[in-house]
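The values are calculated or read from the model by the stated rules, or taken from the named source; none is laboratory data. Owing to the predicted nature of the structure, the values given are computational and were not obtained by experimental measurement. Note that we place each Cβ from the backbone using ideal geometry, even for glycine, and neighbour counts take in every protein chain shown. Please note that ligands, DNA and RNA were not included when accessible areas were found on the heavy atoms of the full protein model with its side chains. Shrake-Rupley method; radii C 1.70, N 1.55, O 1.52, S 1.80 Å.
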Amino acid sequence: MSDATENEGERRVRVVLVDDHRMFRTGVQAEIGRTETTGVEVVGEAADVDQAVSVITATRPEVVLLDVHLPGGGGVEVLRRCAPLMADAEEPVRFLALSVSDAAEDVIGVIRGGARGYVTKTITGTDLVNSVFRVQDGDAVFSPRLAGFVLDAFASTDAPPIDEDLDRLTQREREVLRLIARGYAYKEIAKQLFISVKTVESHVSAVLRKLQLSNRHELTRWATARRLV
């Protein structure tokens, strides 16, 4: 993320950052939180579900930047517990998902939970600031390729089938699986997810064990067959 926009119209928006990676929160704060330039005032941060609900309730921001995968139940749980704040007719709290994941089930899950949009962490600082203001105005905002997931999901009355194999994996294991399948090296995955290489190796071992696969080549074929790549 880079090149946060200048706030020419002197608009202001109060924002809470919810992400379990402190380094990422610090980066976002530095990028978009220069209030005099961007108009964005970061009024709180949280690293897990309980913290998020507490900070959001205490500060009543206009927009929450919400990661999908959080300790304590994930972004969907934050949305569930903050439903009364979202429904406030006078000063609603609106949520914009900001995640490394671009998986259809993650996008659809948080939108069904009440988020007003979903952007990935590859977004530029300028676009993120613009997205925050649009969500403040009540608009729906999506990274380009993600909007199709939502349209498809809400156009269909049938619930997507449950993949029992995929359901065995944790959210973090699914993230690692997708990046492995896309050809990322362990070091690249570690950098992308803000975790250590050793942690990546542990997740890969767990995925292989749970799916009864032998190596990353089989893993890639498995993920490709399920259109997870």
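In 5 Å bins starting at 0, how do the alpha-carbon pair distances of the chain split up by percent?
Bins of 5 Å from zero give 1, 7, 14, 18, 19, 16, 12, 8, 4, 2, 0, 0 percent of pairs.
Between A58 and R145, how high is the FRET efficiency from 1/(1 + (r/R0)^6) when r is the Cβ-Cβ distance and R₀ = 45 Å? Nearest 0.05.
E(calc), rounded to 0.05, equals 0.80.
Find which of W222, A206, A190 sits farthest along the positive direction of the dipole of the range 164-226, computed with +1 on the beta-carbon of Lys and Arg, -1 on that of Asp and Glu, about the Cα centre.
Looking along the dipole axis, the top candidate is A190.
For every helix of n ≥ 4 consecutive DSSP H residues, a contribution of -39,500 (n - 2.57) applies; sum these over the chain, divide by its total residues, and give [θ] at 222 nm rounded to the nearest 500 deg cm²/dmol.
-14500 deg cm²/dmol
Once the Cα atoms of helix 125-136 and of the chain are each reduced to a long axis, what angle between those two axes, in degrees from 0 to 90 to the nearest 10, is obtained?
70 degrees
What are the ³J(HN,Hα) couplings of the range 56-63, residue after residue, when phi is run through the Karplus curve with 6.51, -1.76, 1.60 and θ = phi - 60°? Round to Hz, x for glycine and proline.
Karplus-based 3J(HN,Hα) across the range 56-63 equals 5, 5, 6, 9, 6, x, 7, 9 Hz.
Might you work out the accessible area of T170 for me, using a 1.4 Å probe with all protein chains in place, and round it to the nearest 10 Å²?
60 Å²
What is the magnitude of the charge dipole of the chain about its Cα centre, with +1 placed on the Cβ of each Lys and Arg, -1 on the Cβ of each Asp and Glu, and no other charges, expressed in debye to the nearest 20?
That gives the chain a dipole magnitude of about 820 debye.
Once both labels are modelled 7 Å past Cα along the beta-carbon direction, what's the R22-K187 spacing in nm?
The two pseudo-label positions are separated by 2.6 nm.
As an exercise, use a Förster radius of 35 Å and the Cβ-Cβ distance of R221 and Q29 to find the FRET efficiency, rounded to the nearest 0.05.
Calculated transfer efficiency: 0.30.
Relative contact order of the range 1-125: what whole-number percent is it, with Cα pairs under 8 angstrom and at least 6 residues apart?
So the answer I get is 26 percent.
Measure nothing fancy, just the Cα-based angle from helix 216-225's long axis to the longest principal axis of the chain, in degrees from 0 to 90, nearest 10.
Compared with the principal axis, the helix lies near 70 degrees.
In percent, how large is the relative contact order of the chain, given Cα pairs closer than 8 Å and 6 or more residues apart?
Relative contact order, the chain: 16 percent.
Given an 8 Å cut-off on Cα distances and at least 6 residues of separation, report the relative contact order of the range 164-226 as a percent.
That works out to 41 percent.
Can you give the Rg and Dmax of the range 164-226 based on its C-alpha atoms, in angstrom?
That works out to 10.6, 29 Å for Rg and Dmax.
Please list, in chain and number order, the residues 5+ apart from F95 or on another chain whose amide H is under 5 Å from its amide H, with Hs placed from the backbone.
Here the answer is V64, R116, since their amide H atoms fall under 5 Å of that of F95.
Which lysines, on any chain, are close to K121 with Cα under 17 Å apart, when same-chain ones fewer than 8 places away are left out?
Within the straight-line limit of under 17 Å, K121 reaches these lysines: K191.
With every protein chain left in place, what is the accessible area per residue of the chain in square angstrom, probe 1.4 Å?
Accessible surface, normalised per residue, equals 51 Å².
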